[in-house]
Amino acid sequence: MAYSVNSETKVATLDGVEYKPSAVHDGKELTYVALTEDECKFFKDLHATIPAEQLEHLRKMRNQKLAECDWTQTADSSLTDSKKTAWVTYRTALKDITKTYQSTEDDGFSWPEKP
């Protein structure tokens, strides 16, 4: 791993990724201190977990929306066949949403519209 620090800006670089310095106040003045290599590694590892957490959050929200409309697919539902088909289409779009998106913050993300 390549680690370096710009002595003027105190910006640390690890594997081509820049990490801004920490601000330390001693009661009189503010000083900027470069992150150590271990601190940079910690933030790198922490940042790597974000996509997995976002995908898990998306799945939880999707599963909640699916559970809210489970009733539409029961045999004793009073819905017409065309309404049931519309709900099947909606539910399929919900199930497939993680094939296109990894997070609700992705560009172009929107939930499918309920019938």
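Just so it is clear, none of the values below were taken in a lab; they were calculated from the coordinates. Only a predicted model underlies this, so the values are computations on that prediction, with no experimental measurement involved. FYI the Cβ positions are ideal-geometry reconstructions off the backbone, even for glycines, and counts take in every protein chain you see.
Its DSSP H runs of at least 4 residues, each contributing -39,500 (n - 2.57), put the calculated 222 nm mean residue ellipticity of the chain at -15000 deg cm²/dmol, to the nearest 500. Each of D106 and H25 was given a label point 7 Å from its Cα along the Cα-to-Cβ line. The distance between the two points is 4.1 nm. Check cross-link reach from K41 to the aspartates and glutamates: straight Cα distance under 16 Å, and skip same-chain residues fewer than eight apart. Within the straight-line cut-off, K41 pairs with D15, E18.
Name the GluC sites (Glu not before Pro) in the stretch 45-111 that are in a loop by DSSP and that have at most 15 other C-beta atoms within 10 Å, would you? Display every interim value, and only then the final one.
Working: sites: E53, E56, E68, E105; in loops: E105.
Here the GluC sites (Glu not before Pro) that fit, given the DSSP loop and packing criteria, are E105.
Which whole number in µm²/s is D for the chain by Stokes-Einstein, with the Kirkwood Rh taken over Cα pairs at 4 °C and 1.567 mPa s? It diffuses with D of about 71 µm²/s by this estimate. Normalising the average separation of contacting C-alpha pairs (under 8 angstrom, six or more residues apart) by the number of residues puts the relative contact order of the chain at 17 percent. The ellipsoid equivalent to the alpha-carbon distribution of the stretch 51-100 has semi-axes of 26, 11, 5 angstrom, derived from the gyration tensor eigenvalues as √(5λ) and listed largest first. Lysines near K114 by alpha-carbon distance under 24 Å, same-chain residues fewer than 8 away left out - which ones? Within the straight-line cut-off, K114 pairs with K60, K65, K83, K84, K95, K99.
The F42 and K114 beta-carbon pair, evaluated with R₀ = 41 Å, returns a calculated FRET efficiency of approximately 0.45.
For K28, the lysines whose Cα comes closer than 29 Å to its Cα, not counting residues fewer than 8 places off in the same chain, are K10, K20.
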